[in-house]
Amino acid sequence: MGAIAIRKALADAGVEWRDIQFGFAGSYEIDNPDAVVALMGLTGIPFTNVYNGCATAGSVLALAADAIRLGDYDLGIAVGMDKHLPGAFSADPRLYACPSWYGELGQFLTPKFFGMKINKYMHDHGITSPTLARVVAKNLRNGALNPNAFRRKPLAEEEILGSRMLNYPLTQYMFCSPDEGAAAVIVCRADRAHRYTDKPIYLRASAVRTRRLGAFEVHSPWLPIEETVGPTVDASRAAFEKAGIGPEDVDVIQLQDTDAGAEVIHLAENGFCADGDQEKLVADGELEIGGRLPVNTDGGLIANGEPIGASGLRQIHEVVLQLRGQAGDRQVPGDPKVGYTQLYGAPGVAGVSILSL
Amino acid sequence: MARIPIAEGLFTSMSDDARLIGGRCTACEIVTFPIQGSCPRCPSTDMTEHPLPRHGRLWAWTTQEFPPPSPPYLGPKGDAFVPYGVGYVQLGDDVRIETRITTAEGLKIGMEMELVLVPSWTDKDGNEVIAFAFRPVV
Ligand SMILES: [Zn+2]
């Protein structure tokens, strides 16, 4: 799948594999994503394997862009691929600096963290379960318009609310599913982009941040009394500052929707609304493709699953299509000019990228 | 066949008045659970044992309604699995600890909670493994 994604990206840019001067490849489940070069051609280029939790794909893109900025290369590739068997994420808790008993007792689980976080958020900010169901229904509707999506069947809000409760208030259909996927992005020096396309998309900023002490984070056997914002807020502020724009300038948004609650929380954490405003924004359809804040126009993780290494590059792919006006049935109207992507997850890491025409 | 704790150094005794053992940084006074070798706030490696209050308030919660992947989970699976609550309980001004809750029903943020020691499973040598949980104070 990695090779398929790379071939499509090369064809889109009108370049050959032998033109690629370096690569970064992200994956969680694939030990050695570098194996893809054997399928593409053994040209001897520096090719670096990256795993950085749920921000892997954002890190891959940031590293590829930095390699260009350093001046060492003109043209490179960022690729991500993953394949995950059904079932919740599982690992040895000691690899995440957690004690063994934390796993033995059934506390070393990501879905349970997302349940706790949105349950508390709903309590503090007046968000309701029907809002979570509306977010899922929207992402599945968007996924139905995306030929690459993994789930393409829309569901009624009642069906979503009525599906099996997994981690209160999150039901089965409110979570994304593990699956497999790959995505690739060609990066080049901005001043040479016109050689490859008449409508280049510029990476204005990318930022990766990890949790600070006091953030409410996954895999935490304890939290201090002192509270601070999560890494998404830090990465978002850093990226907006680098790009020299604000949330009000963004036309199309891709957020990490591991579950419906994550999309709701991330909308505020990335500065697109105040805490609690999501209830009305969702009810008014403002997050729909034709709304004021179109979120997860390709169906997000809920319709595309989470192949960790590829997930963030899938977001970039969608933003590029939207900014070029090539998103077909799911095209955001009004010629969007600025796109935004955000990743968040274990072990408390976030990545944000901002792109524009 | 004996009663053994799920881990050494996690609680002060195996009796009804047992307390969980946290760690306190002697330099900046932050409290962690369990005790760890170095401070997550300042660079100190001088952490001392700090018994935690037995009572606290529920700060955040959810339910666990499907059996977690095993390994690492060692509790009852399949038909024997019983859904449980999970949450953070704030213990005074010391720390918020993540804990299993003895019930998945009737949980509310802010409710008073107390520590209990609970038999969890039998290990391969036939020992009854004792873990901690919190239960709502009614
Ligand atoms: Zn300290």
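The values are calculated or read from the model by the stated rules, or taken from the named source; none is laboratory data. None of the values given here were measured: they were computed from a predicted structure. For neighbour counting, all protein chains shown are included, and Cβ atoms are generated from backbone atoms with ideal geometry for every residue, glycine included. Accessible surface areas use protein heavy atoms only, side chains included; no ligands, DNA or RNA. Shrake-Rupley method; radii C 1.70, N 1.55, O 1.52, S 1.80 Å.
What to note about this one:
- Pairs of Cα atoms nearer than 8 Å and 6+ residues apart set the relative contact order; for chain B it is 23 percent.
- For segment A:97-135, a drop of 30 Å² or more in accessible area on going from the chain alone to the assembled protein chains (1.4 Å probe) is found at A:TRP101, A:GLU104, A:LEU105, A:GLY106, A:GLN107, A:LEU109, A:LYS112, A:MET116, A:ASN119, A:LYS120, A:HIS123.
- Segment A:191-222 and segment A:286-351: distance between their alpha carbon centers, rounded to Å: 13 Å
- Mean projected area of the Cα convex hull of segment B:38-138, taken over all directions, amounts to 8.7 nm².
- Average other protein chain Cβ within 10 Å of Cβ, residues B:26-35: 2
- Nearest 10 degrees, 0 to 90: helix A:129-144 Cα axis against chain A principal axis: 30 degrees
- Nearest-10 value in Å² for the accessible area of B:TRP121, using the 1.4 Å probe: 40 Å²
- Angle in degrees between helix A:110-125 and the longest Cα principal axis of chain A, rounded to the nearest 10: 60 degrees
- Among the residues of B:54-65, the average count of other protein chain beta-carbon atoms within 10 Å of the residue beta-carbon is 6.
- Inter-label distance, B:ARG57 to A:ASP335: 5.5 nm, where each label sits 7 Å from its Cα along the C-beta direction.
- Cβ-derived FRET efficiency at R0 51 Å, B:MET111 paired with A:MET1, nearest 0.05: 0.60
- Paramagnetic reach from A:LEU213 (point 7 Å along Cα→Cβ, amide N under 19 Å) across segment A:333-357: A:348-349
- Two-site FRET efficiency, B:GLU49 against B:THR103, from Cβ-Cβ distance with R₀ of 35 Å, rounded to 0.05: 0.70
- Overall dimensions of segment A:19-171 as given by Cα atoms, namely Rg and Dmax in Å: 20.3, 56
- Taking all C-alpha pairs of chain A, those more than 31 Å from each other amount to 29 percent.
- Counting lysine pairs in chain A that sit 8 or more residues apart in sequence, or on different chains, and whose Cα atoms lie under 27 Å apart gives 24.
- Where A meets B: accessible area buried, both sides, 1.4 Å probe, Å²: 3400 Å²
- Mean ellipticity per residue at 222 nm, deg cm²/dmol - from DSSP H runs of n ≥ 4 across chain A, formula -39500 (n - 2.57): -10500 deg cm²/dmol
- Potential extension, A:ASP277-A:ALA38 segment - 0.36 nm per residue separation minus Cα distance: 81.1 nm
- Sorted largest first by accessible area at a 1.4 angstrom probe radius, with every protein chain in place, the residues B:LYS124, A:LYS337 fall in the order B:LYS124, A:LYS337.
- Looking at segment A:142-286, the accessible area is 43 square angstrom per residue; that uses a 1.4 Å probe and ignores ligands, DNA and RNA.
- Accessible heavy-atom area order of A:THR48, A:THR341, highest first, probe of 1.4 Å: A:THR48, A:THR341
- Between B:ALA2 and A:ILE225, the modelled label-to-label distance comes to 3.8 nm, taking each label 7 Å out from Cα in the direction of the beta carbon.
- Chain A: angle of helix A:231-243 to the longest principal axis, Cα-based, in degrees nearest 10: 40 degrees
- Considering only beta bridges that DSSP places wholly inside segment B:3-136, some 90 percent are antiparallel.
- Residues B:ALA27 and B:VAL82, FRET efficiency given R0 of 56 Å [Cβ-Cβ distance, rounded to 0.05]: 0.85
- Taking 7 Å steps out from each Cα toward its Cβ at B:VAL138 and B:SER38 produces label points 4.7 nm apart.
- Relative contact order for segment A:1-141, counting Cα pairs under 8 Å that sit 6 or more residues apart, in percent: 23 percent
- Most mobile of A:ILE308, A:ILE118, A:ILE245 in a GNM of chain A (Cα contacts under 10 Å): A:ILE245
- Residue order by solvent-accessible surface for A:MET1, B:MET47, A:MET165, B:MET113 is A:MET1, A:MET165, B:MET47, B:MET113, largest first, with ligands and nucleic acids left out and a 1.4 Å probe.
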